[in-house]
Amino acid sequence: MSVMSTEIETLRGAIEAVNVELLGLLNRRAQLVSEIQDRKSRQGIPIFLPEREQQMLAGLVALNQGPFSDETIVRLFKEIFRASVELMESRCERVLMVSRAHRGEDLAISIKGETVGAAAPVLVAGPCSIESEEQLDEVARFLAGRGLRFLRGGAFKPRSSPYSFQGLGRRGLEILRLVAERHGLISVTEVTDTRTVELVSEFADILQVGSRNMYNYELLRELGQSRKPVLLKRGFSASLEELLGSAEHIVSGGNENVILCERGIRTFERETRNTLDISAIPLLRQKSFLPVVVDVSHAAGRRDILAPLARAALAAGASGLMVEVHPCPAVARSDSEQQLDLPQLARFLAETGLGSEGSVG
């Protein structure tokens, strides 16, 4: 072997040693990334922070003395950063307590003799806002007569306009409990603030988290300390991973009884209030063992297409439906366009096969 060949082999050996050193450093970096991801998950911090990446790249370029150009250094480290994000995402999906990897069988949540998940689909129905005892009682009497057990109604109403009806508050909760107990129903209402979790828990059987509060991690963690089932609505611009991440905040606090709710997402379409994401139902069921219900009223924002949307949701594997009902939608103090009256609810039930026979009155 010539002297030149010997020198090349020596240099190649040095390169291989550097490769091994680089491999060790990359794996060490991956371990640090994993530790950061664990802490981010507990604190509700997003996995990818673009400003952090730009900060690190700027620091590396400032230290670069060649022979690689700054552009090459940026390109190489961007690839390392991308692989690190993918590692965090894969670990996050694998270790989530709400994932199928954590529990294979569907969760069945039992509430006062009824089951949500792993059973026949349920219907959660009632007015958008509780306006009076008479209003809620008329709806409750109809539901009980059809063998339906879940009564919804808003007592605290987070509205886009501060001048819109904000709900009856505590009086609404008192009406909800009174009417639900009178007709043997299970009550569902929204909790909007950490300060009212205890109050709402006193009156309601299921605590609902609205789409605006899906990212309210303090509220979600507070609900994790509760033992009341939680119905968690998807934010109107939220990904499925973000929805499951919000559910994780509740479950990791000790409350496994979470019901996921698809309620439509915001798109460019204006024929409906939102766009019902039917694909979310089978995808959520693949990813998680938590039951999934679909709020067709908020998805559509109109009453004329609720039954077809409901049938599609049930065919896709939903464990239940939510629909808004008012004795006289024309005078409703919120969401009048999407609420069904009682005869329309009777037709909705007939078209979806939910509920037993009974009279409208």
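The values are calculated or read from the model by the stated rules, or taken from the named source; none is laboratory data. The shown structure was predicted, so the numbers you read here are calculated from the model rather than taken from an experiment. Neighbour counts run over all protein chains shown; Cβ positions are idealised from the backbone, glycine included. Ligands, DNA and RNA are stripped out before the accessible areas are found, and what is left, the full protein with its side chains, is counted by its heavy atoms. Shrake-Rupley method; radii C 1.70, N 1.55, O 1.52, S 1.80 Å.
Hey, any hits in segment 321-334 for a residue that's β-branched (Val, Ile, Thr), modelled with pLDDT under 95, surrounded by fewer than 15 Cβ atoms within 10 Å (Cβ to Cβ) and not in a loop (DSSP other than H, G, I, E, B)?
yes
Find the helices (runs of 4 or more DSSP H) located wholly in segment 140-258 whose residues include 2 or more that are out of contact with any helix residue (DSSP H, G or I) (no Cβ under 7 Å at 6 or more places or on another chain) and either in contact (Cβ under 8 Å) with a residue 24 or more places away in the chain or over 19 Å from residue 322 (Cα atoms) (or both), and list them. Working first, answer last.
Values: elements: 170-183, 197-203, 217-224, 240-251.
In segment 140-258, the matching helices (runs of 4 or more DSSP H) lie at 170-183, 197-203, 240-251.
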**Item:** Every residue from segment 98-139 that is touching a helix residue (DSSP H, G or I) at 6+ places or on another chain (Cβ under 9 Å) and β-branched (Val, Ile, Thr)
**Value:** 98, 130, 139
**Item:** Among the candidates 72, 115, 10, residue that is assigned to a helix (DSSP H, G or I) and open to solvent by less than 60 Å² (accessible area, probe 1.4 Å)
**Value:** 72
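In contact (Cβ under 8 Å) with a residue 24 or more places away in the chain, open to solvent by less than 10 Å² (accessible area, probe 1.4 Å) and within 13 Å of the chain's Cα centre (by Cα): is that true of residue 290 in this structure?
Details: in contact (Cβ under 8 Å) with a residue 24 or more places away in the chain: yes; open to solvent by less than 10 Å² (accessible area, probe 1.4 Å): yes; within 13 Å of the chain's Cα centre (by Cα): yes.
Criteria met by residue 290.
Tell me yes or no: at least one residue of segment 89-98 is at positive phi, part of a loop (DSSP other than H, G, I, E, B) and either surrounded by fewer than 16 Cβ atoms within 10 Å (Cβ to Cβ) or not aromatic (Phe, Trp, Tyr) (or both).
Step one: list which residues in segment 89-98 are at positive phi, which gives none.
Within segment 89-98 (the criterion being at positive phi, part of a loop (DSSP other than H, G, I, E, B) and either surrounded by fewer than 16 Cβ atoms within 10 Å (Cβ to Cβ) or not aromatic (Phe, Trp, Tyr) (or both)), the answer is no, since none of the residues qualifies.
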**Request:** Kindly indicate the residue of segment 118-131 that is open to solvent by 10 Å² or more (accessible area, probe 1.4 Å) and in a loop (DSSP other than H, G, I, E, B) and also nearest to residue 311 (Cα to Cα) among those meeting that condition.
**Result:** 121
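Does residue 234 satisfy the criteria of being modelled with pLDDT of 95 or more and open to solvent by 10 Å² or more (accessible area, probe 1.4 Å)? Let's see the steps before the verdict.
Numbers: modelled with pLDDT of 95 or more: yes; open to solvent by 10 Å² or more (accessible area, probe 1.4 Å): yes.
Spelling it out, residue 234 is indeed modelled with pLDDT of 95 or more and open to solvent by 10 Å² or more (accessible area, probe 1.4 Å).
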**Request:** Quick one: residue 281 ticks every box in (1) part of a helix (DSSP H, G or I); (2) at pLDDT below 95; (3) surrounded by 15 or more Cβ atoms within 10 Å (Cβ to Cβ) except a single one, so which number is it?
**Result:** (2)
**Prompt:** If you scan segment 70-109, which residues turn out to be touching a strand residue (DSSP E or B) at 6+ places or on another chain (Cβ under 8 Å) and of a type in the set (S, T, N, Q)?
**Reply:** 99
**Prompt:** For residue 318, which of the numbered conditions (1) more than 26 Å from residue 147 (Cβ to Cβ); (2) in a loop (DSSP other than H, G, I, E, B) fails to hold?
**Reply:** (1)
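When you scan segment 233-245, do you find a residue that is under 30 Å from residue 146 (Cα atoms) and out of contact with any Phe, Trp or Tyr (no Cβ under 7 Å at 6 or more places or on another chain), even just one?
Of all residues in segment 233-245, those under 30 Å from residue 146 (Cα atoms) come to 233-234.
Cutting the leftovers down to out of contact with any Phe, Trp or Tyr (no Cβ under 7 Å at 6 or more places or on another chain) gives us 233-234.
Yes, there is a match, as at least one residue in segment 233-245 is under 30 Å from residue 146 (Cα atoms) and out of contact with any Phe, Trp or Tyr (no Cβ under 7 Å at 6 or more places or on another chain).
Here is a yes/no grid of residues against (1) polar (S, T, N, Q); (2) at pLDDT 95 or above; (3) touching a Phe, Trp or Tyr at 6+ places or on another chain (Cβ under 6 Å):
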site: 133; (1), (2), (3): no, yes, no
site: 138; (1), (2), (3): no, yes, no
site: 148; (1), (2), (3): no, yes, no
site: 187; (1), (2), (3): yes, yes, no
site: 192; (1), (2), (3): yes, no, yes
site: 196; (1), (2), (3): yes, no, no
site: 204; (1), (2), (3): no, yes, no
site: 218; (1), (2), (3): no, yes, no
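Only one residue in 218, 181, 198 is farther than 27 Å from residue 276 by Cα, under 18 Å from the mean Cα position of the chain (by Cα) and surrounded by fewer than 16 Cβ atoms within 10 Å (Cβ to Cβ), so which one is that? Lay out the reasoning, then the answer.
Numbers: 181 fails: under 18 Å from the mean Cα position of the chain (by Cα); 198 fails: under 18 Å from the mean Cα position of the chain (by Cα).
It is 218.
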**Members of segment 35-69 that are of a type in the set (S, T, N, Q), surrounded by fewer than 11 Cβ atoms within 10 Å (Cβ to Cβ) and within 22 Å of the chain's Cα centre (by Cα)** = 43
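Would you mind stating whether residue 314 is more than 27 Å from residue 226 (Cα to Cα) and among the hydrophobic types (A, V, I, L, M, F, W, C)? Steps first, answer last, please.
Values: more than 27 Å from residue 226 (Cα to Cα): yes; among the hydrophobic types (A, V, I, L, M, F, W, C): yes.
For residue 314, the condition - more than 27 Å from residue 226 (Cα to Cα) and among the hydrophobic types (A, V, I, L, M, F, W, C) - is met.
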